Amino acid sequence: MKALLVRVLLTAALLPACDGRVAGGGGGAGDRSGGGYAGGLGSGLIGGSGVSTGAAGAGGGAAGRGGGVSGPSIYVDAAAANDSGTGTSASPKKYIPSGIALLPSAGGGTVLIRSGTYGGNANDITTLKAGLATAWNVIKAETDGAVTITSELQIPQGAFYTQFEGLRWSSRNQKSIQGRYLKFFRSAFEGGPTSGNSVSVAIGTNDATPGAEFVLLEDCWVYGLGGRYKVLIYNAQNIVLRRVVARHDGGWSYDQQNPQGVFSVYESRNVRLQNCLSVDPAADLDGYEADYYGPANSTTSTPYDNDRWQGCMSFDGPNNAFAIEGPKTVTNCSVEDFVSYNTAQGIAHNGSGTKTVTYDRITKIGGAYGFARWAGGGTMTVTNSILENSETAFQAGAGNGGFNNTFGSSSGGAITSDPRANGLLFPLRIEAGGALKTAGSGGGQVGAEIMKRVGASGALFGEPGFESVTGDDLWPWPNERRLQADMAAVSARGFCAPGKRLTSYLFERLGNTSPY
């Protein structure tokens with residue numbers, strides 16, 4: 001019965017009303033005209049006109065990380081008496097956009113925002129002063145975490161070569177990131193709209209194709225009331241989310257049409273999610289599809305191609321840990337070193353489209369099933385994975401590719417020994433010397449290994465090392481005290497409860513003391 005329930009939920013997400021698509025009045029995706037799907041998405045999800053400019057260009061490398069050129073520092077201080085300052089330390093601007101306007105056209109400048117809260121229309125960030133590929137501009141908190149912005153973040157189309165550092169946006173508005181060459185480091189995004197086809201953080205739009213390109217979020221977190229998705233990547237390409245923690249706190253009214261989830265990669269290509277974490281979602285989230293959700297609904301001309309989820313984690317989700325669905329073809333996608341712990345359901349494909357996705361070194365503990373291909377063509381190949389106590393491990397066409405441990409699950413794999421007696425002491429790694437360390441294909445590991453950081457710090461898609469597993473330790477989780485304090489202010493549940501820390505909270509799920 002649980003498997004049937006998931007089939008109903010996933011199929012319901014394919015109805016034309018999903019994602020506001022029946023409301024379209026503008027142009028469709030690519031060369032389609034008339035009141036089509038993309039018009040509805042533009043007028044509802046991102047707030048655009050629903051006009052797309054055609055197919056996405058080829059992937060390829062980014063233009064470089066910039067740097068090496070140091071320009072002036074411009075100061076902004078909410079405590080300034082007015083906005084007439086010159087931008088020096090002794091005479092700061094009062095509003096953030098006023099500081100941005102003073103950045104040099106040659107790039108390499110820095111806006112230093114002093115501690116405080118910045119609100120009102122005067123602090124809306126709706127345009128940027130572009131840097132250069134060799135000299136990025138920087139907009140940063142003078143003290144990480146001490147700047148709160150309650151105004152709009154609506155970055156338009158354009159090549160900006162701009163990075164943001166140490167900021168916190170807090171509002172019930174959708175934070176919209178379009179354009180190209182944008183980086184966000186150590187920043188928090190709190191809150192989203194209470195209703196409508198809207199999300200907390202949107203990367204991309206259907207007003208241009210690609211709707212965003214060469215965007216990086218690294219060491220960031222997204223949480224708070226509102227928004228049906230925490231992070232949406234839509235009609236975009238060459239996007240990297242690296243070490244992004246997201247918690248769905250509810251606060252969005254389900255409309256019986258548009259599903260909810262945490263990370264949504266929606267008809268985009270060349271996307272990388274690296275060491276991302278969905279954790280501790282609120283209870284009673286109606287219409288919740290998946291922690292990692294991949295709608296492929298043919299609303300844009302952008303191919304759903306070459307997307308990778310590397311070293312990502314799903315803890316305690318109320319439905320699927322991971323799901324891709326819809327009529328559009330999905331090609332060359334992969335999920336590697338993925339942990340699903342105590343999610344209610346499993347990992348699913350649905351919809352009429354052909355979907356080609358490989359799954360390698362997955363650790364899935366608990367839930368109604370392991371892998372299922374409810375509908376559609378293509379391959380769903382699973383290798384070197386642990387599916388412990390997941391009822392039916394493989395069903396509805398899911399492919400058992402071999403070297404899978406299915407202890408406590410039916411439709412089993414070749415390995416049925418108890419993983420906890422063979423190297424699985426913590427959900428996020430396999431112990432050296434345990435049988436699972438060498439039981440996989442080619443003498444490799446069975447089960448996920450999420451111990452090192454994926455992707456060179458600061459690297460955009462296509463740059464050297466952007467998707468390599470580095471030698472840098474992932475644990476203890478970076479900035480965990482700051483992100484815990486931010487999230488605890490909304491709800492002190494799960495890892496945000498008094499006396500808890502994110503790292504030990506995740507490691508100790510199997511009853512063993514955290515090594516950190």
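Nothing in this text is a laboratory measurement; each read-out follows from the coordinates by a stated rule. All values reported here derive from a predicted model rather than from experimental measurement. In this analysis, Cβ positions are derived from the backbone assuming ideal geometry, glycine residues included, and neighbour counts consider all displayed protein chains.
Things worth noting here:
- Think of the stretch 2-510 as having a plus end and a minus end, set by charges on the Cβ of Lys, Arg, Asp and Glu; of ILE347, THR86, ASN404, THR86 sits farthest toward the positive end of this dipole.
- Taking one quarter of the surface of the convex hull spanned by the alpha-carbon atoms of the chain gives a direction-averaged projected area of 22.3 nm².
- Convex hull of the stretch 286-348 built on C-alpha atoms - directionally averaged projected area, nm²: 4.5
- Relative contact order (%) - the stretch 393-511, alpha-carbon pairs under 8 angstrom, separation at least six: 16
- Ordering 211-218, 149-156 by mean Cβ neighbour count within 10 Å, with the highest value first, yields 211-218, 149-156.
- Antiparallel %, DSSP beta bridges [both residues in the stretch 2-510], to 5: 5
- In the chain, the calculated helix contribution to ellipticity at 222 nm averages -2000 deg cm²/dmol per residue, counting -39,500 (n - 2.57) for every DSSP H run with n ≥ 4.
- Efficiency of FRET from Cβ geometry, ASN332 and ALA435, R₀ 30 Å, rounded to 0.05: 0.40
- Under 5 Å, built H, 5+ apart or other chain: amide partners of LYS355: VAL330, GLY377, GLY378, THR379
- In the stretch 2-510, lysine pairs closer than 21 Å at Cα, eight or more apart or cross-chain: 17
- Here's the picture: charge each Lys and Arg Cβ at +1 and each Asp and Glu Cβ at -1 in the stretch 2-510, and of ILE139, THR126, ASN332 the one pushed furthest to the positive end of that dipole is ILE139.
- Kirkwood-based shape ratio for the stretch 150-212, expressed as Rg/Rh from alpha carbons: 0.97
- What you get for the chain, charging only the Cβ of Lys and Arg (+1) and of Asp and Glu (-1), is a dipole of about 280 debye around the Cα centre.
- Per residue, the average separation of C-alpha pairs within less than 8 Å and at least 6 apart gives the chain a relative contact order of 9 percent.
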